[in-house]
Amino acid sequence: MLGCIFQYFYTSFLRFWLKWLLRQLTGKCELQRICAGYKPGAERTARAEYSLESSKRKVLRASVNAEEDAVEDYVEKIIKEKNVKEQKDPMFKKNLNLCLLQITGYKNLYLCVEQLRKEVFDSEKEEHEKMLLKLWDLLMPSTTLESRVTKQWGDIGFQGDDPKTDFRGMGMLGLTNLVFFSENYTEAARQVLSHANHPNLGYSYAIVGINLTEMAYSLLKSGALKPHFYNSVEGSTQMKHFHQLYCYLAYEFNKFWIQEEPESIMEFNLYREKFHEKVKRLLLDPDVTLILNLDSTN
């Protein structure tokens, strides 16, 4: 209760006067102090984001929702609005532009991911069918698919004879992630599939992959992935960066599953949640980067 009261008092009154006092003492606005006082990465960008969103000035609040091609214009507006003397702080414009690209890039990435998630797999669409068949060819290059609807799909971890029913919930996002991993890290994906087909420690490769897509999506939606993307992407985050994050999860979950040695696939939800908590703990580190590191131990 006392914490809530202090937070309200701080945000409503104290923060304004503290910012005013520091500007008088340093000659710099809060955004200038943030950009100059922190190295590029999650901590600086997160502080800049909070400052912009908490501002009483409309143009500053609006800047965090700008399209990528409007970021430079908003930087100019902010410089004018805050009366920043560029000759006294020549790096401010560049640093603020980078922060704003990361902030708006994350928001726009979520919109793109959500759009792909809502796109339902349609077997009547040629591009959807081609992508599904490409997944088979990448993972099972020496085995010919006997027909489009076949029990063979179980060999790469789908539940039924027709994989289209397994994409519900994650839509084309789930399939796109599976294909991206198989296409860009082919040997690693095949190795993970081999482990998934282990007689004792196996799991449904494709189904688990779609489940991990849901994990990545929920982390993105909650904002938990901001430290990772703010540290690992210098500029605006793109869809490929989300797919790469999925690759990290798929590879690391496989290692985690093997190390934990569950008694059966019936314990999947338990170990999935343990892995989820492990990832969330990693994301609490302000210097975190969840980058796929291929090694010889898996």
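A few comments on the model shown:
- Evaluating ALA46 against the criteria (1) of a type in the set (Gly, Ala, Ser); (2) open to solvent by 40 Å² or more (accessible area, probe 1.4 Å); (3) without any contact (Cβ under 8 Å) to a residue 60 or more places away in the chain leaves one unmet condition, (3).
- Candidates GLU76, GLU124, filtered to the one that is more than 29 Å from the chain's Cα centre (by Cα), of a type in the set (Asp, Glu), open to solvent by 40 Å² or more (accessible area, probe 1.4 Å) and more than 29 Å from LYS221 (Cα to Cα): GLU124
- Output for segment 85-115, where each listed residue is buried (at least 19 other Cβ atoms within 10 Å of the Cβ) and under 14 Å from GLN238 (Cα atoms): LEU101, GLN102, ILE103, THR104, GLY105, TYR106, LEU109, VAL113
- Some residue of segment 285-294 being free of Cβ contacts under 8 Å to residues at least 40 places away in the same chain and not assigned by the TED database to the domain that holds LEU178: yes
- Hey, LYS82 open to solvent by 20 Å² or more (accessible area, probe 1.4 Å) and touching a Cys at 6+ places or on another chain (Cβ under 6 Å) or not: yes
Rundown of residues vs (1) in a helix (DSSP H, G or I); (2) open to solvent by less than 40 Å² (accessible area, probe 1.4 Å), yes/no style:
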| residue | (1), (2) |
| --- | --- |
| PHE229 | yes, yes |
| TYR246 | yes, yes |
| LYS274 | yes, no |
| ARG281 | yes, no |
| ASN293 | no, no |
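- Scanning segment 165-178 for residues that are touching a helix residue (DSSP H, G or I) at 6+ places or on another chain (Cβ under 8 Å) and open to solvent by 10 Å² or more (accessible area, probe 1.4 Å) returns ASP166, GLY169, MET170, THR176.
- Residue match in segment 167-175 (condition: modelled with pLDDT under 95, part of a loop (DSSP other than H, G, I, E, B) and of a type outside the set (Asp, Glu)): yes
- Screening the candidates TYR110, TYR106 for the property of being in contact with a Leu (Cβ under 7 Å, 6 or more places away or on another chain) and either part of a helix (DSSP H, G or I) or within 24 Å of SER222 (Cβ to Cβ) (or both) yields one hit, TYR110.
- Check on PHE268, touching a residue at least 24 places away in the same chain (Cβ under 8 Å), of a type in the set (Phe, Trp, Tyr) and within 22 Å of ARG190 (Cβ to Cβ): yes
- Residue within segment 198-218 that is open to solvent by 40 Å² or more (accessible area, probe 1.4 Å), under 17 Å from LEU139 (Cα atoms) and modelled with pLDDT under 95 present: yes
- Among the residues making up segment 231-244, a single one is in a helix (DSSP H, G or I), open to solvent by less than 20 Å² (accessible area, probe 1.4 Å) and under 26 Å from ARG47 (Cβ atoms): PHE242.
The values are calculated or read from the model by the stated rules, or taken from the named source; none is laboratory data. Just so we're clear, the structure is a prediction, and the values are computed from it rather than from any experiment. Here the Cβ is made from the backbone with ideal geometry for all residues, glycine too, and neighbour counts use every protein chain on show. Ligands, DNA and RNA are stripped out before the accessible areas are found, and what is left, the full protein with its side chains, is counted by its heavy atoms. Shrake-Rupley method; radii C 1.70, N 1.55, O 1.52, S 1.80 Å.
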